[in-house]
Every structure is written in C-alpha cells, then in structure tokens.
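Peer 1: Here it is, the structure in full.
The values are calculated or read from the model by the stated rules, or taken from the named source; none is laboratory data. The model shown is predicted, which means the values in this text are computed figures rather than measured ones. Neighbour counts run over all protein chains shown; Cβ positions are idealised from the backbone, glycine included. Please note that ligands, DNA and RNA were not included when accessible areas were found on the heavy atoms of the full protein model with its side chains. Shrake-Rupley method; radii C 1.70, N 1.55, O 1.52, S 1.80 Å.
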Amino acid sequence: MNRRTLAAGGAAVSLLAAVTAAVWLGRPATPDAEPAAVTVPVQRTTLTSELRLNGRLGHGPLIPVGGTTGTVTGLPRVGDVVGVGARVYEVDGRPVVLLRGKRPFWRELSTGSATGPDVRQLEQNLADLGFGGGFDVDERFTPATARAVRAWQRSIGAKPTGRVRPGDVVTVDAGDIRIARVDARLGEVDAAAPVSYTATAVRVTATLTPAQARELAAGTAVEVVLPDGTRVASTIAAIDPGGEPTGTDGETTPATATVDLPDQKVVADIGLPAVQVRVAKAERARALVVPVTALLATADGGYAVEVVRDGVVERIPVEVGLVADARAEVSTVASGDGPEPLREGDAVVIAS
C-alpha cells in the first residue's frame, strides 16, 4: 500500500481549507516490520488553526489638511507631533492652530454670529484647552465666548481679536497628529494643502482577499508577530473593503485590515518593517497531536498511524480532527480487539 500523508498549509485562508494531500511511496507496515528510522512523540497540547496575513507597520493613511489665503511664513517638520491647540503652520506671521472636530470652520465666528454646531465645536475645544470657565458649551457665541477666545489667542501668541476666522484654525477628527509630509514651501502664496498628517500611533495594515474582508470584522482579536519573533496581542480596528478607483487603468484599492497596537513601546525603535498578523480560527485544548506526515491513508478511506512499541511497529486506526500548521489532532478509532489506544508520548513513524 502506498503511504499517503496530509500537508497542512502554514497560512490557512479559511476554516474549510487547511489541508492538501501528497503521496509518499513506502512499504506497508506490519507488526514484524523493522521500525522506521524517524519517529516523533505524540504530544498533548493546544492546537490552533490560524489565518496568517502579511502586514506592514505604519501610521495609517496620509490625510492632507489646511489651505491658506496669504503667504506661508512657518512650516513644521516631517515627524513633528502636533497636539490640539498647538500651531500646525504659520501664514502672514500668525499661527494656524489645530482644533479637534468633524466640521471644518467655514465662516467667521464672533459675537453676534448665528447659532450653529460650529459654535458648539469651537466652545468645546476652548473648554478642553482650559478656557471654558465663563460660558456653557452650546450653539451660541456670547460675549463670554469672545472673552475665552481672546484668552486663548493670547496664550498662542495671536492677536486677541475675540473672533475666529476659517483660516485661523484647521480641524481634524483626531487628537494629536503626526506631520507626515510638507507640501508647501516658505513664501508660497495661497497653498492648497500645506501639510499632510497621519495618526501618531504605529498600526499594522494587512492586505486581504475579498473573502477575508467579508469574514473578518472590527474587534477581532489577533496576534501580531514582529520580525524578531515578539508576539503582540492586538485587535482589528477597522476593515476597509477596498474597491475604490486608483485612477490607474481601472485598478481599485485592495481590501485591508487595520490593526491597533496597544503597546507602542514594542515598536518604538524597529522602524516600519513587514510583520505577520495571525487570526485564530479554531482551537482544540489538550488534543493528541501528530505531524501530518505520520498519517497513513487506509483502504476504507480512513487514516492510521504507525507506532513503535517495544521495538515493534503497530498500526493504529485514528480519526483526524483539526489540522493546522502541519500538525493533526487524532483520536483512536474504537475497536474491541485492536491495539491499545494512542497515548501521549507514543513514538509515531513519520515520512522522511
């Protein structure tokens, strides 16, 4: 009989596809046959089937910000981290300051301005920066709001006018930002987007197939394996299904998973290399495990393993469970007059 083994894919791509078949020509084993040259012990361990994704460390997407009416007189450097309330760049000698919010400032805000959510956004920023003692955070720009604006303007070295113009601030839906690219130059007039930013934290971006993008979801626990073998417990922050036009010959963006790294210290000094993202798909605790190369295909469509006991090779029928990482979960097929059940520590013959 030919020996038939199972080869488990080290990078499983779904719960249903983890194993492919391969044939190794060998001799049939009998109780009187000489023991095979290569044996390994049966292990009792936790077996985990994993989806393995190729990822890369980075700071996330590049987002342009700002826009000037005037001459650029000051710029940040790539890599600078700018906090809410701090200067992003400078126009006509005055600072353009970072504020937090989803709504861009589109009009001048001052005493007498009509109520609106942009007023609430400004007041919330003033309160967060420590200038909110004299007003309620609402949609009304009151004299108390103007006093808070003047106090804030003095603190950043701007002229204390008590009003805020669209060009005085830039808004981002984030906290601190990292300057990733500077597109304007000093002396440039009416720069469209002087700088582009990313998140400050290092994250992992992994490319997905469409099927993987449908299968995975934000909040899924994963393990990131760094180049030095360090394993970092993480979660998927977002799934981008892709499919957006790239503007190049009908190509579209790929599906991706963004993975947060809660412990930023482990990636602080390693640059931005490639990493591996592992997603647990199934798990068996305290399973009897053998290499897939120890499995023999039997005439009845099942499987068996050869075990060396007291110098004698015994063939033991087994049922195969979870297969992952070139290993298989096995259990002895019940038989009243068969050999003793497979045990932890038994020496099983593998194909060499």
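Peer 1: Cα centroids of segment 37-65 and segment 190-227: how far apart, whole angstrom?
Peer 2: Using only Cα atoms, the two centres lie 17 Å from each other.
Peer 1: Averaging sequence separations of C-alpha pairs under 8 Å and six or more residues apart, then dividing by the length of segment 111-250, give the relative contact order as a whole percent.
Peer 2: Over segment 111-250, the number comes to 12 percent.
Peer 1: Tally Lys/Arg at +1 and Asp/Glu at -1 over every other residue whose Cβ is under 13 Å from the Cβ of Thr207; what's the total?
Peer 2: Local net charge: +1.
Peer 1: Cα axis of helix 117-128 to longest principal axis of the chain: angle in degrees, 0 to 90, nearest 10?
Peer 2: 80
Peer 1: Also, I was wondering about something else. Express the relative contact order of segment 133-209 as a whole percentage, based on alpha carbon pairs under 8 Å and six or more residues apart in sequence.
Peer 2: Relative contact order, segment 133-209: 18 percent.
Peer 1: Next question, about the same structure. Given a 1.4 angstrom probe, I'd like the percentage of the accessible area of segment 136-191 that is carbon and sulfur, rounded to a whole number.
Peer 2: 43
Peer 1: Run the accessible area of segment 221-301 with a 1.4 Å probe and give the carbon-and-sulfur part as a rounded percent.
Peer 2: 50
Peer 1: Which value in nm describes the separation of the simple spin-label points at Val137 and Arg343, placed 7 Å from the Cα toward the beta carbon?
Peer 2: 6.8
Peer 1: Run the simple label-point estimate for Glu283 and Val78 please: 7 Å along Cα→C-beta, distance reported in nm.
Peer 2: Once both label points are built, they end up 4.2 nm from each other.
Peer 1: When the chain is fully extended, how far beyond the present Cα-Cα distance does Asp249 get from Leu272, taking 0.36 nm per residue of separation?
Peer 2: Full-extension gain reported as 5.3 nm.
Peer 1: With a Förster radius of 56 Å, plug the Cβ-Cβ distance of Val333 and Asp263 into 1/(1 + (r/R0)^6) and report the FRET value to the nearest 0.05.
Peer 2: 0.75
Peer 1: Separation between the Asp300 and Ala211 pseudo-spin-labels, each 7 Å from Cα along Cα→Cβ, expressed in nm?
Peer 2: 3.3
Peer 1: Here's something else I'd like to know. Order of 285-297, 173-185 by packing, highest average Cβ count within 10 Å first?
Peer 2: The densest-packed peptide leads the list: 285-297, 173-185.
Peer 1: On a C-alpha basis, how far is the centre of segment 171-185 from the centre of segment 256-309 in Å? Whole number, if you could?
Peer 2: First find each Cα centre; the distance between them is then 40 Å.
Peer 1: Next up: So, by mean Cβ neighbours within 10 angstrom, what's the order for 339-349, 105-115 with the highest one leading?
Peer 2: The peptides rank, most packed first, as 339-349, 105-115.
Peer 1: Rounded to the nearest 10 degrees, what's the angle between the helix 143-155 long axis and the longest principal axis of the chain, both from Cα atoms, 0 to 90?
Peer 2: Relative to the chain, helix 143-155 is tipped by roughly 70 degrees.
Peer 1: Sticking with this structure for a sec: At 1.4 Å probe size, with every protein chain present, just tell me what the per residue accessible area of segment 90-137 comes to in Å².
Peer 2: Computed with neighbouring chains in place, this is 50 Å² per residue.
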